Amino acid sequence: MEKALEDWCKKLDDWGFPPRMDLLRAMAGALAQIHIEEEEDPELAHLGQHWLSNFLNCHPSLSAKFSTQLDHQWAYGGNIPALKDYFVKLLRLIRTRKIQPEDIFNMDEKGFIIGMSSKAKVICWTGRWPLQVTQDGTREMLTVIECCCAVLYVILSVIFKGAAHYMGWHTETSNPEAKFTYSPNGWTDDKLGLEWLRHFDKYTRDRQGGNGCPRLLILDGHRSHINLEFCQYAIDNNIEFLCFPSHTTHLLQPLDVSLFGPLQKYYGKAADDHMRDTCATVVKGTFWKFYSAARWQA
């Protein structure tokens, strides 16, 4: 069991998000529970108070260190050692795992305020305060997760705010690779992150004719990406991760610059045109209409 834990820690470190000490302890507890259920090692029912320090003493290839915080100015100037380390890890993963270019994916999340239009220049009387367009006062948010590769193979997920799933939110799409779900606040969480990974696995596993080639998923260090179930599912299904270094997504995240920037602009314009033409706000049932149009433009 401890050998598996050692390999798991090294794997996460190579991916770019070394596990916290509490995450390692949780992983050990989960493995111990499996042993108990299988009646293979019942004495592992409880981890002792000093289990973690004893584990590190028995595995000198691992050590506990404080993670460093990146200075704010370094974030804007670019942390050159961190950027070099990222590309070294990327090249090593591609070479050692023989990952094909079409099997390298990038995913990112973006929050949208459903009824918020984009800022735009308007023509009005000189000296007059800029005109204001009526916005939806509720400012209800949802999360969009986009994932694509260099050959324009795209997977989409939309997380609405709600207590149940309502088909009327997305009746205008028949795309089987688009996943629609919900959460109490419209944000992603550990459960939805795992659901998305399973959705990603389903629609990318057999793209190459089922030849079992590993897939590389490049993502940020959001907590829903580094929990135990998410990482274990990836390991079990031949999915490699590479995490962007902290505070470098504005430099390294392709979707942030090349997709979500134009996408937000086009969606805001579509929402603004709708409000001007109909004097009505965008709601969940009409969001997909404007988002899909903006998506094709972006």
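The values are calculated or read from the model by the stated rules, or taken from the named source; none is laboratory data. These numbers come from a predicted model, not from an experiment. Methodologically, a virtual Cβ is constructed for each residue, glycine included, from the backbone with ideal geometry; neighbour enumeration extends over all protein chains shown.
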Inside segment 190-209, the number of residues satisfying the requirement of being touching a helix residue (DSSP H, G or I) at 6+ places or on another chain (Cβ under 6 Å) and farther than 17 Å from residue 106 by Cβ is 2
Could you tell me which residue of segment 228-260 is nearest to residue 295 (Cα to Cα), considering only residues that are assigned to a loop (DSSP other than H, G, I, E, B) and touching a residue at least 40 places away in the same chain (Cβ under 8 Å)?
253
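Residues checked against (1) surrounded by fewer than 14 Cβ atoms within 10 Å (Cβ to Cβ); (2) modelled with pLDDT of 85 or more; (3) closer than 26 Å to residue 262 by Cα:
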{"position": "90", "(1), (2), (3)": "no, yes, no"}
{"position": "110", "(1), (2), (3)": "no, no, yes"}
{"position": "122", "(1), (2), (3)": "yes, no, yes"}
{"position": "125", "(1), (2), (3)": "yes, no, no"}
{"position": "134", "(1), (2), (3)": "yes, no, yes"}
{"position": "145", "(1), (2), (3)": "no, yes, yes"}
{"position": "153", "(1), (2), (3)": "no, no, yes"}
{"position": "162", "(1), (2), (3)": "no, no, no"}
Of (1) surrounded by fewer than 19 Cβ atoms within 10 Å (Cβ to Cβ); (2) in contact with a Phe, Trp or Tyr (Cβ under 7 Å, 6 or more places away or on another chain); (3) more than 21 Å from residue 14 (Cα to Cα); (4) in contact (Cβ under 8 Å) with a residue 60 or more places away in the chain, residue 289 fails just (2)
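Is at least one residue of segment 69-87 modelled with pLDDT of 55 or more and in contact with a strand residue (DSSP E or B) (Cβ under 8 Å, 6 or more places away or on another chain)?
Going through segment 69-87, the residues modelled with pLDDT of 55 or more turn out to be 78-87.
Next cut, in contact with a strand residue (DSSP E or B) (Cβ under 8 Å, 6 or more places away or on another chain) only: 86.
Taking every residue of segment 69-87 in turn, at least one turns out to be modelled with pLDDT of 55 or more and in contact with a strand residue (DSSP E or B) (Cβ under 8 Å, 6 or more places away or on another chain).
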Residues of segment 19-31 satisfying the condition of being surrounded by 19 or more Cβ atoms within 10 Å (Cβ to Cβ) and not in a helix (DSSP H, G or I):
19
Would you mind stating whether residue 5 is modelled with pLDDT of 75 or more, within 27 Å of residue 224 (Cβ to Cβ), of a type outside the set (Phe, Trp, Tyr) and in contact with a Lys or Arg (Cβ under 8 Å, 6 or more places away or on another chain)?
no
